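The values are calculated or read from the model by the stated rules, or taken from the named source; none is laboratory data. Since the model is a prediction, treat every value here as computed from it, not as a measurement. When we count neighbours, we look across all protein chains shown, and the Cβ atoms used for this are built from the backbone with ideal geometry, even at glycine.
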Amino acid sequence: MSGIIGGVGSKSSLIKTDKHYRSVFADIFPNHNGVGIQTGTQNLWVNFASIQGAYGSYGRSLCHDPDGLMPIPPSGFSEAFYITVIGGTGSGSGIGQFKLLDSTNTYEAISPTYYADGYYAYGAQFAKTVKVGTFNGIALRDKLTANTSYCPLWYRNTGSTGYAGITRVILEQRIYL
Amino acid sequence: MSEILINAINHKYKDDPIRSQWILRGPNWYDVEIVQDDGDGNAKRSATQLSKAEVETAVEEWLVAKADDPTLGEPPSNEGEQFGQSNFKG
């Protein structure tokens, strides 16, 4: 076969090894029937969502292989996880910032990242997409395999007045050839 | 409803040292949580909380204040430019 995938006439030769092949998405917030979260408090971090890991005998994480929505890609493919935070700020000087930690709040896979500021509204669709790094060298999917594991998302308003809000968070698994 | 609730809480309690620290979350429109620093830079639930009646009072007062002064809670005129195309003016 000498590297040809799909045989004569296919366009597989156009797919380079660093090409994004496909993505899988999952909403991980809102996690109840609220429309979002808002804070008028300055600087204090608020734990508002978690990426759930395994629990008990049957609970699986989104990344569980092979039962999850985002299993380990087949041989020859690689993956990266991204998080998109969507929200806004209001009353003049709200400034929104988020981060992703491990369950002990020791290691950051996403360090504090601004996603919105200024005068608009908490429900605005300003969005920030950030690649999930490692938790001190441990990948997200490996952080979710232990029983009762989870990775919390935090956010805060760094503005002295105003408020910051979030209406949606999306976890994305990007798969590469 | 959240937008009104945010403005109502800000309007009534913005100068209150305890009640100006809040988070809105939960399934009910009146779910306001007063928070404080847990000593580690994270928000924790305060012993002081607003009753539903207090939230309703704040909303009623906000609606009256907003009717009297429609500019309350609105962007200053110079910041309103971000809503349109005026940033592109030469």
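Residues that are of a type in the set (Phe, Trp, Tyr) and either in contact with a Lys or Arg (Cβ under 7 Å, 6 or more places away or on another chain) or in a loop (DSSP other than H, G, I, E, B) (or both) were ranked within the stretch A:99-115; the one that is surrounded by the most Cβ atoms within 10 Å (Cβ to Cβ) is A:115. Screening residue A:171 against (1) surrounded by fewer than 16 Cβ atoms within 10 Å (Cβ to Cβ); (2) part of a strand (DSSP E or B) leaves a single unmet condition, (1).
Being among the basic types (Lys, Arg) and under 17 Å from residue A:52 (Cα atoms) is a property that holds for residue A:143. The set of residues in the stretch B:1-37 that are within 8 Å of chain A (Cβ to nearest Cβ), without any contact (Cβ under 8 Å) to a residue 12 or more places away in the chain and in a loop (DSSP other than H, G, I, E, B) comprises B:14, B:20, B:25, B:26, B:27, B:31.
Taken over the stretch A:127-167, residues that are crowded, with 18+ Cβ neighbours inside 10 Å, within 14 Å of chain B (Cβ to nearest Cβ) and not in a loop (DSSP other than H, G, I, E, B) amount to 10.
Does residue A:118 qualify as being within 12 Å of another protein chain (Cβ to nearest Cβ), crowded, with 22+ Cβ neighbours inside 10 Å and under 27 Å from residue B:11 (Cβ atoms)? Before the answer, list the steps.
Working: within 12 Å of another protein chain (Cβ to nearest Cβ): yes; crowded, with 22+ Cβ neighbours inside 10 Å: no; under 27 Å from residue B:11 (Cβ atoms): yes.
Spelling it out, it is not the case that residue A:118 is within 12 Å of another protein chain (Cβ to nearest Cβ), crowded, with 22+ Cβ neighbours inside 10 Å and under 27 Å from residue B:11 (Cβ atoms).
Of all the residues in the stretch B:61-79, those that are at pLDDT below 85, out of contact with any strand residue (DSSP E or B) (no Cβ under 9 Å at 6 or more places or on another chain) and within 17 Å of residue B:2 (Cα to Cα) number 1. Entry remark, the stretch A:49-64: residues being surrounded by 12 or more Cβ atoms within 10 Å (Cβ to Cβ) and either within 15 Å of residue A:25 (Cβ to Cβ) or touching a residue at least 60 places away in the same chain (Cβ under 8 Å) (or both) number 11 in total. Take the conditions at pLDDT 95 or above, in contact with a strand residue (DSSP E or B) (Cβ under 6 Å, 6 or more places away or on another chain) and part of a strand (DSSP E or B) and apply them to residue A:89. Does it pass? Judged against the criteria, residue A:89 is not a match.
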